[in-house]
Amino acid sequence: MTQDVATPVGNDKPAGSDKHNRLPGLALAAAAVAVAWLVHAAVPVLPFLTMAVILGILCANLPGIGTAVEGVMQPGLVLAAKRFMRLGIVLLGLKLSLIDVAALGWATLGIVVGIVLLTFVGTLLLGKAFRLPGDQPLLLAAGFSICGASAIGAMSGVTRTDHRGTVVPIALVTLCGTLAIAVLPALKGPLGLDEVQFGYWVGASVHDVGQVVATAQTTGTTALAGALIIKLTRVLMLAPMVTGAALVQRFRNRSRRGRSERSKAAAGTEGGKLKFPPLIPLFVAGFMAMIVLRTLGILPHVVLEGAAIAQDLLLAAALFGLGASVQMRSLLHTSGRAIVVAMLSWALIGVLAYVGVQLI
């Protein structure tokens with residue numbers, strides 16, 4: 001895994017100076033989180049986490065502050081984008097109870113899992129077909145099929161993708177999730193969905209939890225309740241999907257090491273070792289442990305409420321840091337194919353979710 005801040009060889013700065021360099025970026029992230037919270041409180045239809053991403057993008061592209069974001073602010077923003085994201089994912093597990101998921105019934109659960117898997121595979125194949133670079137196909141597949149930016153952050157931890165490599169997938173999944181807030185309610189009538197069906201459709205097709213809430217609440221509390229349980233069931237797929245990606249990554253690394261060793265042996269030199277990602281990354285294990293705690297019901301309500309607030313704050317800071325890496329000019333010039341894949345994936349999950357609702 002690459003270091004958060006590159007340090008020249010032989011740098012004799014004291015150990016604490018690196019932490020000190022992170023303070024400006026962390027302070028900016030904290031201020032942005034506060035602003036995003038206030039905007040969401042004033043206009044509830046604008047999701048808190050979505051506002052955090054938008055503020056990050058604005059900071060990266062406005063004259064003056066954009067220079068600071070690329071300079072003195074960057075170490076703290078990188079820390080927020082990586083570490084806070086993982087801590088937020090761990091706490092996200094406290095929103096999931098296996099009892100609530102089991103109450104859906106095996107048929108509904110199977111349909112939701114099928115939607116996730118088909119969207120994941122379909123998006124991955126689309127990304128490969130359009131020859132998207134690096135880990136973009138995998139990250140887009142995780143984001144669109146599971147839980148938006150949180151899934152992208154989790155998957156990037158397995159693939160060891162630099163935080164800048166997550167910029168395009170997170171920008172696109174945020175864009176499509178935000179569009180869903182306006183588009184899906186407008187389609188409720190033409191598609192003939194009642195309140196319960198609409199809630200299920202939103203939960204099965206919208207990416208981020210905050211965007212699900214903003215979309216489903218336009219119809220009523222019944223739709224919102226159904227949307228949340230279906231959405232959180234999708235979130236449950238985060239652990240097995242990330243673990244599966246880790247297995248594939250280990251297999252690839254083992255194959256590369258074998259080829260490297262044979263090549264080095266033929267050349268009469270020694271090869272370096274390739275690091276293998278853990279089968280279950282630590283933060284994913286923490287996520288699973290939090291699900292168990294919530295299911296057991298041993299945590300008091302006040303602890304769950306506090307954890308929910310902490311999770312929102314951590315993810316907002318992380319998404320602000322990631323948004324602050326988005327250079328719009330570069331994104332528009334270099335990511336045309338990724339935009340097409342994102343739109344096709346959004347349409348794919350919308351259609352699959354609609355079919356699934358008809359089967360429930």
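Table for the structure above
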read-out: Nitroxide proxy distance, nm - points 7 Å out along Cα→Cβ at L191 and L304; value: 2.9
read-out: Crossing angle, helix 301-323 versus the chain [Cα axis fit, 0-90 degrees, rounded to tens]; value: 60
read-out: Cα→Cβ-extended label distance, 7 Å offset, between I99 and W37, nm; value: 3.0
read-out: Helix axis angle, 336-359 relative to the chain longest principal axis, alpha carbon, degrees; value: 30
read-out: Listed residues W106, W201 arranged by accessible area, highest first, probe 1.4 Å; value: W106, W201
read-out: Apportionment of accessible area to carbon and sulfur, the chain, percent (1.4 Å); value: 68
read-out: Distance-filtered residues of the stretch 111-126 - backbone nitrogen under 12 Å, label point 7 angstrom along R337 Cα→Cβ; value: 126
read-out: Cβ-defined net charge surrounding L184, 15 Å radius [Lys, Arg +1; Asp, Glu -1]; value: -1
read-out: Paramagnetic label zone (point 7 Å from Cα along Cα-to-C-beta, V355; backbone N under 17 Å) in the stretch 98-121; value: 108-121
read-out: Listed values [x] 21.9; [y] 16.7; [z] 20.6, entry calculated as mean projected area of the Cα convex hull in nm²; value: [z]
read-out: Helix 221-236 vs. the chain, principal-axis angle (Cα, 0 to 90°, nearest 10); value: 30
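The values are calculated or read from the model by the stated rules, or taken from the named source; none is laboratory data. These numbers come from a predicted model, not from an experiment. All Cβ positions, even for glycine, are placed from backbone atoms using ideal geometry, and neighbour counts span all protein chains on display. When the accessible area is computed, the model is the full protein with side chains, heavy atoms only, and any ligands, DNA or RNA have been set aside. Shrake-Rupley method; radii C 1.70, N 1.55, O 1.52, S 1.80 Å.
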